[in-house]
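A quick write-up on the structure given underneath.
The values are calculated or read from the model by the stated rules, or taken from the named source; none is laboratory data. Everything numeric here is computed off the predicted structure, so don't read it as measured data. Positions of Cβ are backbone-derived with ideal geometry, glycine not excepted, and every protein chain shown enters the neighbour counts.
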Amino acid sequence: MRVIIIEDEKPSARRLQRLLLELNIEAKVLLHSVEESIEWFNNNEHPDLIFLDIQLSDGLSFEIFEAVEIKSAIIFTTAYDEYALQAFKLNSIDYLLKPIDDEDLETAVSKYKERIPKKQNLELDFDAIKKLLINPIERAYKKRFSVKVGQHLKLINIEDIECFYSENKGTYLYTKDGRNYLIDTTLEELNNDLDPNVFFRINRKFYININAIKDMVSYTNSRLQIKLNSYNESDVIVARERVKDFKKWLE
């Protein structure tokens, strides 16, 4: 299987390359911009599978396909929230939310391998995807969560939540008055429930509320440490792969 990675952040590209090697898949070609990718596709045999970031340093990756006709299968690697990815599903393609989890990667590769013998919808409608990303469908986000306290149910308003985190296979919300509650959901399922303008997933274990940020400090390995107004039970660290997107989100 011939595989290439198109990703503007070189550390992220190399990390994905290493994760693929663990699945016995060698991605020999790493491309980092729209311009570089167009030139490569014009001068090389196209691969079987492309791992493609949407936002590259010199524009949207869709510009590549406006310049070059590509028949390769694609797995998107993206920081876009799930509500904006409905077009990806409609086009029967897969996507990986950053930071990429090794188990999610293995699942995506397995889906690709299952589709290839059946030749199932490997040609994509990039115009539909682009339109949906630029003009996402309006949706309502959760305004409150219900939590169980003993034999009672309590409602927690979304503006009173500083963060969500996973611990010991459970998912918790933490309130601005310093209390935490177990909730019946996963961080992945929260993708559909939380307003992306207010909440950001900084790593595999944390979503944080932008209004709860007290301070941000440089941390080891090009990461950021976040200080929240009340939460101090453990370090809140922005994963290196998410720092660039986190800074964009802050603005």
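For the range 144-189, a residue qualifies if it is part of a helix (DSSP H, G or I) and either farther than 22 Å from L97 by Cα or in contact with a Lys or Arg (Cβ under 8 Å, 6 or more places away or on another chain) (or both), and the qualifying residues are I158, E159, D160. Out of the residues in the range 209-227 that are of a type outside the set (G, A, S) and within 10 Å of R240 (Cβ to Cβ), state the one that is surrounded by the most Cβ atoms within 10 Å (Cβ to Cβ). The selected residue is R223.
Whether a residue is of a type in the set (S, T, N, Q) and in contact (Cβ under 8 Å) with a residue 12 or more places away in the chain was assessed, and N168 does not pass this test.
Could you tell me how many of the residues in the range 225-241 are basic (K, R) and farther than 27 Å from R179 by Cβ?
From the range 225-241, those basic (K, R) are 227, 240; that's our starting set.
If we keep only those that are farther than 27 Å from R179 by Cβ too, we end up with 240.
Residues flagged as basic (K, R) and farther than 27 Å from R179 by Cβ within the range 225-241 amount to 1.
Would you confirm whether or not the range 69-84 contains a residue that is within 20 Å of T107 (Cβ to Cβ), modelled with pLDDT of 90 or more and buried (at least 18 other Cβ atoms within 10 Å of the Cβ)? Checked the range 69-84: no residue is within 20 Å of T107 (Cβ to Cβ), modelled with pLDDT of 90 or more and buried (at least 18 other Cβ atoms within 10 Å of the Cβ).
Of note, I50 satisfies the criterion of being out of contact with any Phe, Trp or Tyr (no Cβ under 6 Å at 6 or more places or on another chain), assigned to a strand (DSSP E or B), in contact (Cβ under 8 Å) with a residue 24 or more places away in the chain and under 16 Å from V109 (Cβ atoms). State yes or no: is L97 on the phi < 0 side of the Ramachandran plot, modelled with pLDDT of 85 or more and not assigned by TED's automatic domain parsing to the domain that holds Y207? Answer is no for this residue.
The requirement of being hydrophobic (A, V, I, L, M, F, W, C) and in a loop (DSSP other than H, G, I, E, B) is fulfilled nowhere in the range 215-237; no residue meets it. For Y141, are the conditions met, namely being touching an Asp or Glu at 6+ places or on another chain (Cβ under 7 Å), under 26 Å from T77 (Cα atoms) and in a loop (DSSP other than H, G, I, E, B)? Yes: the conditions hold for Y141.
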